[in-house]
Amino acid sequence: MSAVFPTVREVLALDPVRHGTPRVVAGNAGLDGPVRWVHVAEVPDIATLLGGGELVLTTGIGLPGDDAGLRAFIGDLADVGVSGLVVELGRRYGSGVPRVMIAAAERRGLPLVELRRATPFVRITEAVHALIVDAQLTELRATEEIHQRFTDLSVEGADAAEVIRQAADLSGCPVVLENLSRQVLGYDPAGESAELLLDGWEQHSRRIRPAGRTAYDPASGWLVTVVGARGQDWGRLLLRWPATGDLPTHRAGESTPPDAGPPTRLTILIERAASTLALGRLIRRDAEGLERQIHRTLLTALLDHSRPVDEVALRAKALGVVLDRRHLVGVMVRHRADDPAGEGGPEAGQARLRDLSEAVGQALREAKLTALTSAVDDNAVGALLALPDPAAEDRALSAFAGALRRVRLDGAVRATSGTEPARAASVVEVSRAAPGSEVSRAAFGGEGARVANDPARTAGGAPGGLIVAAGSGVGSLREARRSLVEARQIAEAARRDRRDLPVFRLPHVGLAGLLHLLRDEPRLQTFVERELGALLEYDARHPRERLLDTLRAYLEQGRNKTAGAAAAHLSRPAFYERLARIARILDADLDSVETSLSLHVALLALEAVRTP
C-alpha cells in the first residue's frame, strides 16, 4: 500500500481524535499500518462492504450482544484487512469495550481504540480525508517533479554522474549504478559515507536478488531496476531504502511502517532515472550527429549499418574515394594516453583531437593513399584504406606510419611558428561514440610515439605517443566494418603494450589484451556471469573459502592437480575436495578440456572487467 496514506498512529495524533481522549486497548503492533479511508459503521456485517485499509468508527450500538458475535465481528474486520477499529464509549459501552473484543483484537493484531469522550465523527473523517488527499496531491506533485527533472536531463544530455546525483537528491537515499559484473560505474551516497557504501560492493551486490526488472529486496533494503535499451541490458541502478528504523524525512502525510517497501514515487524515480541513463548512452553513441544536426557520416554508416553499402560506396565516390573493387584495410590512430583531466579543459582536448585528425589526413596524402578518415572519439582517428590489391597492404601501412611520423615532426615546428596545417580534403567527421561502444576506444601507436617526446610537441600540450593499429584486409565493402572494429580492438589492447612498433596488427595482441579491451561489453560480462556467476555468489556468501582462487590455481597450472594444490598452498586432499565442490556449484566437468577452456577464458575476462 502506498506510503502516502497516514498511519493509525498519526490519525490518533490529529486534534479531532485527541479531543475524544483516545486509548489504545489492543493491537499496538498494528499502529503503523496505513489508513486508506475512514468509514463510520453501526451494523455488524459491515465487513462485506469494505475493501481493506479502512479505519472503522462506531459507537457500538449495533454490535452483537453475545461474546461469539463480537469475536466474529472482530474476525471479519481483520480478515478484510481494516487498519483499525475506533469505538466511542457512552452510548453502548460505558467504562470500556468488552474484554472479549479486546482479546479478539489483540489475537488478530487489529488496533482497537476507545474514545472516552464524545466526538463528532464527521470532524475525524474530514481531518483524515483531508490528510489523505493532501498527501496524495503532494505525491502527485513529487511524481510530476520527477518526470520533469528527468525529462530535462534527457533533453540536456546529462551524463550518468548528474543523473545519479539528481536521483539521490530527489529521494534522499544512496544511489549506485553498476554494470552486469557488479562493478560500480557511478554512485551518490546522499550524505552518507561513500567508503562504507561501496565496501565489498561486488559481494554485497550479488546478494541483492530482487524478482523482476524493477523490484524491492527487503532483505537488503535495496530498490533495484535494470538499465538498458533496445533489448540490451548493461547494468543495474540501485537505491537503498532503509528496511528498518532509520527512514529518510518524508513529506507531510508520508509514513512507511518499518517492514513496508519504498513509496511508489521512488519506484517511479528509479525507473525514470534508469530510462534517462539508457537514453543518454544511446544518444552519446551518436552524439556528434545530434549536436551538429548534419548527417551521418560514411564511416559511422559502415560501423552501425545505418545505410546500405551501395549508398556508402556511391557517396564515397562523390568524395573522390573509390571503395568498389578495392582491398580495404581498417586503421586506427590514437594517443597512447587519454587527454589528462584538468589540463587545458574541453577546448584543449578538442584542439588535440583536431590536430591528430589533420595529421592523419596529411599523412594519407603524403603517402598517396586513398581513404575515408574521421575522429571516432575524444582521442582517436579512424581510417578505411582503399588499396588496389592485397599485395600493397604492408607497403601502404609502412608508408602511412612513416608519413605520420614526419607530419607529426613537421606539425611540431608549425605549432611553434603558429602555422596551422591544411585540413585533409578526405576527412569526414563522424559521431562521437560512448565509452565502451563499438566505435569508441580506437587506438594507434608506433614510430609516431617517439614524436610526442619532441620538446616542441610537448610544448603544444600533446602528452604521450601515438599508437597505429590495422585490422585484417577485406575484399569488399560489406566486410569493412569487421576490419575497422578489429583495428579498434587492436589499438585499445596495444595501449598496454610498451613495444614501439610502427603498426600494431592482430598477431601482436594476446587474449588477455583483447579481453581487457572488451571489458565494457555487456555480452562479455554476461558470459562471465553465465560461466562463473554461481561460484561468485557462493564466494560472496562464504568469503573465507575463496573457491574462485582454487579454480584459478587449477586452470593456471594446466589442470595439474598436484601443481594446483601447491600453488594454492593446500594439501592435495583439501584441494581435490574443493575442486569437487566447485564442479557441483558450477555443474561442470573440470576434467573436460572444453569446459576448462571456457572457464579459463571467463576468469581472464573477469580479471579484465575488474581492472581499470
Original post:
Taking region 519-556 as the search range and keeping residues that are touching a residue at least 24 places away in the same chain (Cβ under 8 Å) and not in a helix (DSSP H, G or I), which one is nearest to G231 (Cα to Cα)?
Top reply: E521
Original post:
Out of region 346-374, which residues are under 15 Å from L299 (Cα atoms), open to solvent by 10 Å² or more (accessible area, probe 1.4 Å) and in contact with a Leu (Cβ under 8 Å, 6 or more places away or on another chain)?
Top reply: T370
Original post:
Taking the stated definitions as given, is V333 modelled with pLDDT of 75 or more and open to solvent by 40 Å² or more (accessible area, probe 1.4 Å)?
Top reply: no
**OP:** Would you mention how many residues in region 357-390 are acidic (D, E), outside any loop (DSSP other than H, G, I, E, B) and modelled with pLDDT of 90 or more?
**Re:** 1
Subject >> Pick from region 19-29, criterion modelled with pLDDT of 90 or more and either of a type in the set (K, R) or open to solvent by less than 20 Å² (accessible area, probe 1.4 Å) (or both), ranking: nearest to T119 (Cα to Cα) >> reply: R23
Subject >> Any pair with Cβ under 7 angstrom, 6 or more apart, that starts in region 263-285 at a residue that is surrounded by fewer than 18 Cβ atoms within 10 Å (Cβ to Cβ) and ends at one that is modelled with pLDDT of 85 or more >> reply: I268/I146
**OP:** Those residues that are of a type outside the set (A, V, I, L, M), open to solvent by 30 Å² or more (accessible area, probe 1.4 Å), modelled with pLDDT of 85 or more and not in a strand (DSSP E or B), I need them from region 165-188; list them, please.
**Re:** R165, D169, G172, R182
**OP:** Return a yes/no flag: does region 583-598 have any residue that is under 30 Å from the mean Cα position of the chain (by Cα), closer than 22 Å to R544 by Cα and in a helix (DSSP H, G or I).
**Re:** yes
Subject >> Pair list, Cβ under 6 Å, 6 or more apart: region 169-186 residue over 30 Å from L604 (Cβ atoms), other residue of a type in the set (K, R) >> reply: C173/R240; P174/R240
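Does D339 meet the test of being modelled with pLDDT of 75 or more, of a type in the set (D, E) and not in a strand (DSSP E or B)?
On the way: modelled with pLDDT of 75 or more: no; of a type in the set (D, E): yes; not in a strand (DSSP E or B): yes.
Taking the combined requirement at face value, the residue does not satisfy it.
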**OP:** Read through the list (1) at positive phi; (2) touching a residue at least 60 places away in the same chain (Cβ under 8 Å); (3) not charged (D, E, K, R), then give the number of the only condition that G90 fails.
**Re:** (2)
Original post:
Does T7 satisfy the condition of being modelled with pLDDT under 90, open to solvent by 60 Å² or more (accessible area, probe 1.4 Å) and among the hydroxyl-bearing types (S, T, Y)?
Top reply: no
Subject >> The one condition in (1) modelled with pLDDT of 85 or more; (2) part of a loop (DSSP other than H, G, I, E, B) that D500 fails to fulfil >> reply: (1)
Original post:
If we keep just the residues of region 557-582 that are open to solvent by 70 Å² or more (accessible area, probe 1.4 Å) and in a helix (DSSP H, G or I), which is nearest to H542 (Cα to Cα)?
Top reply: E577
Subject >> Options G53, G69, G96, G84; residue that is under 18 Å from I124 (Cβ atoms) and either out of contact with any helix residue (DSSP H, G or I) (no Cβ under 8 Å at 6 or more places or on another chain) or modelled with pLDDT under 90 (or both) >> reply: G53
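The values are calculated or read from the model by the stated rules, or taken from the named source; none is laboratory data. No experiment lies behind these values; they were computed from the predicted model shown. As a convention, Cβ positions derive from the backbone with ideal geometry for all residues, glycine included, and neighbour counts pool all protein chains shown. For the accessible areas, the whole protein counts, side chains as well, though only heavy atoms, and no ligand, DNA or RNA atoms are used. Shrake-Rupley method; radii C 1.70, N 1.55, O 1.52, S 1.80 Å.
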